[in-house]
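**Student:** Handing you this structure, nothing more for now.
The values are calculated or read from the model by the stated rules, or taken from the named source; none is laboratory data. Everything numeric in this text was worked out from a predicted model, so none of it was measured. Every residue, glycine among them, receives a Cβ derived from its backbone with ideal geometry; neighbour counts consider all protein chains shown. In case anyone asks, the SASA skips ligands and DNA or RNA and just uses the protein heavy atoms, side chains included. Shrake-Rupley method; radii C 1.70, N 1.55, O 1.52, S 1.80 Å.
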Amino acid sequence: MSKKEAVETSESQIAVHWEEEQYFYPSPTFVGQANLTDESVYDRFSLDNFPECFHEYAELLDWDKYWNKTLDTSDAPCWKWFTGGRLNVSYNCVDRHLAKNANKTAIHFVPEPEGEKIDHITYQELYIRVNEIAALLRDFAGLKRGDRVTIHMPMSAELPITMLACARLGVIHSVVFGGFSANACADRIVDSQSRVLITMDAYYRNGHLLNHKVAADEAAEISAKQGQVVDKVLIWQRYPGKYSSKTPLVEGRDVIVNEKIKEFYGARVKPESMKAEEPLFLMYTSGTTGKPKGCQHSTGGYLAYAAGTSKYIQDIHPEDVYWCMADIGWITGHSYIVYGPLALCASSVIYEGVPTFPDAGRSWRIAQDLNVNIFHTAPTTIRALRKLGPDEPAKYSFKFKHMTTVGEPIEPEVWKWYHREVGKGVAIIVDTWWQTETGGFLCSTIPGIKPMKPGSAGPGVPGIHPIIYDDEGQVIERGSGRAGNICIQNPWPGQFQTIWGDRKRFVDTYFSRYCKNSESKDWRDWPYLAGDAAMEAEDGYYRILGRIDDVINVSGHRLGTKEIESAAMTVDEVAEAAVVPVAHDIKGKEPDLYIALKTGVQPSVELQEKISAAVCSQIGKIAKPRKVWLVPDMPKTRSGKIMRRVLGAISNNKDVGDVMTLANPDVVEVIKGMIKN
Ligand code: WT7
């Protein structure tokens, strides 16, 4: 991307943005019980006290052996936290709670069909189940420390149980969002070199029991073609004891976990004592090129950061019932459904299905029935709940003390509805800005200390020191309200360690742009480029304006435009493809797909459908284009570059600006005409 385009993106984003908003203050009741009310935390976590300040987070965990170096910078910018230290994540999320809280609920699993029983899994039961599956993974599947395993599972209690079993063995899990297609799953199997795939036969979504296991067969077939053989597919049953998929089992490869596990009843597996810097998991995310990046997260630094931010920003106490509506297949689910809350011994709710199924009151009935007091979701869901049932929350007696919004900027109107109706005017809201790469929150208000400001994430959380650069590499003055590219000046424990198998891409993507000296071992020379445009207001609150790269945020999920374009290009008739984001009132953004067909191919509705289907099957339904436009030609620069900016303006009914310098300015009017009709 040229510098010029980067500026255009951020400025157009600002143009659609809102005015400065009034503060909302936390209630004395909230502050009275908050985990963090001492303002000196900002001094304790100042840059002067970096990196030692992060002891506070590491000390929330039980270590087999304490670390001797807080931050090792010798392999800059692949930072290592708490080196010399050893610990096990499953021990920290399960075993250590048994002494006092064995009978407390760790996980409430809520099935989508409302008539089905909610499963309340105690820490004791979690301990037993994690051990048994760990024994199966080790002794039957042959998995050992350092191996990678791909998990393609829907929202279920078995998903965190499987993740924790991997963590117990030191096996690196790569969880693929259940809604992703077999193709997307296969890409991740190949990249992570997994020989074991763990899946589930079926799950409910919007009232339908979906056949999920079929994706495992396709994924295994595709990955084998690319040279990565899956020799074992382990299948959990949605209904234990009953196989709920129509797809037959493959002899010698497929194994029903619920049956096999019987051989391991009563098994106990000693937690592996992992080095703090050994990887815990990979989480793939989209970037500027077609290939998803496997973000590699560490054991000690990651868990310390997930636990610390869960305690101080989510304000989780062990007695809380906490419900994060994200999917565990995304980073939010890893950090703030599984690892953070369980490390703190909270009760975490896992809901299988759609928040508005069978009606817009469903979420509020779940909250009421389980006494949920901390609630965490994304603007796209809040917009859907508001649209379908603006008066529903008032009909139920749940009472939240704390609510989170995450994933994309939230419109102040939506924020205020969330506060007034869902929070019943008393819950505090934290708007948390972060990323798959960052493991945990970067910007947010500390709920018991800072007032809220609708539409702004807030200042850096303790130990996170943002800085905004312009495109020329100059620092934008603090508090100036001028937009630029937000970076973090310092490393932090939750930060990913590298891109799996691609250190160069890691350095190029996140550090090269503002690196002061590529030979340096000093963290001060390596600002982390987040890839978002942002501005800092006078009060030190950051407002996130959107991505500066080719990433579209659809319903809070990251999709690379290049990924969608490559998927479209798999259709034979397609010559060129370009994707642009279009505003959508619930999803935030939606991809609009422009296609130029090969010479001689006639446009047709069938072709449009074929291309759309190709995108869904390559990536997943979340990437489905709003519309596939079959255009006679793409607007291009004289050097032949497709002008996505012009297409974006057309899709969003905005002024296309001056197009006379294009190689083919006439096509702009033609495309405009097509879209109007
Ligand atoms: C991108 C990261 C972090 C978990 C969910 C998404 C956008 C995230 C906010 C927020 C405005 C936000 C950014 C970021 N984003 N949180 N509170 N306000 N924008 O993780 O899929 O890695 O996406 O989501 O653009 O870069 P992800």
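**Student:** Please report, ordered by residue number, the helices (runs of 4 or more DSSP H) entirely within region 22-67 with at least 2 residues that are open to solvent by less than 30 Å² (accessible area, probe 1.4 Å) and within 25 Å of LYS275 (Cβ to Cβ). Spell out the reasoning first.
**Tutor:** Details: elements: 28-33, 41-44, 55-58.
Correct list: 55-58.
A quick yes/no check of all residues on (1) assigned to a strand (DSSP E or B); (2) at pLDDT below 95:
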| position | (1), (2) |
| --- | --- |
| ILE235 | yes, no |
| PRO248 | no, no |
| GLY252 | no, no |
| ASN258 | no, no |
| ALA267 | no, no |
| MET283 | yes, no |
| THR288 | no, yes |
| ALA304 | no, no |
| THR309 | no, no |
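**Student:** Quick check on my filter: what residues within region 412-431 are surrounded by 18 or more Cβ atoms within 10 Å (Cβ to Cβ) and assigned to a loop (DSSP other than H, G, I, E, B)?
**Tutor:** GLY423, ALA427
**Student:** Then there is this: In region 165-194, what residues are under 16 Å from GLY333 (Cα atoms) and hydroxyl-bearing (Ser, Thr, Tyr)?
**Tutor:** SER174
**Student:** Could you tell me whether region 461-470 includes any residue that is open to solvent by less than 30 Å² (accessible area, probe 1.4 Å), within 16 Å of the ligand (Cβ to nearest atom) and part of a loop (DSSP other than H, G, I, E, B)?
**Tutor:** yes
**Student:** If the requirement is being within 16 Å of the ligand (Cβ to nearest atom), in a loop (DSSP other than H, G, I, E, B) and open to solvent by 10 Å² or more (accessible area, probe 1.4 Å), which of these qualifies: PRO409, PRO390, PRO447?
**Tutor:** Going through PRO409, PRO390, PRO447 in turn, the sole match is PRO409.
**Student:** Another question, then. Tell me the residue from VAL233, VAL229 that is touching a residue at least 24 places away in the same chain (Cβ under 8 Å) and open to solvent by less than 60 Å² (accessible area, probe 1.4 Å), please.
**Tutor:** VAL233
**Student:** Ok, one more. Only one of (1) in contact (Cβ under 8 Å) with a residue 40 or more places away in the chain; (2) within 17 Å of VAL372 (Cα to Cα); (3) open to solvent by 10 Å² or more (accessible area, probe 1.4 Å) is not met by PRO355, so which one is it?
**Tutor:** (1)
**Student:** Please go through (1) within 16 Å of the ligand (Cβ to nearest atom); (2) out of contact with any His (no Cβ under 7 Å at 6 or more places or on another chain) for LEU545 and return the number of the only condition it doesn't satisfy.
**Tutor:** (2)
**Student:** Can you run down the residue pairs with Cβ atoms below 7 Å, 6 or more apart or on separate chains, where the first is in region 399-414 and of a type in the set (Val, Ile, Thr) and the partner is away from the ligand (no atom under 15 Å from the Cβ) and open to solvent by 30 Å² or more (accessible area, probe 1.4 Å)?
**Tutor:** VAL414/ARG386
**Student:** For region 315-330, how many residues meet the condition of being open to solvent by less than 10 Å² (accessible area, probe 1.4 Å) and either more than 13 Å from the ligand (Cβ to nearest atom) or among the aliphatic types (A, V, I, L, M) (or both)?
**Tutor:** Start the filter on region 315-330 by keeping residues that are open to solvent by less than 10 Å² (accessible area, probe 1.4 Å), which leaves 315-316, 320, 322-324, 328-329.
Now restrict to residues that are either more than 13 Å from the ligand (Cβ to nearest atom) or among the aliphatic types (A, V, I, L, M) (or both): 315-316, 320, 322-323, 328.
Looking only at that region, the number is 6.
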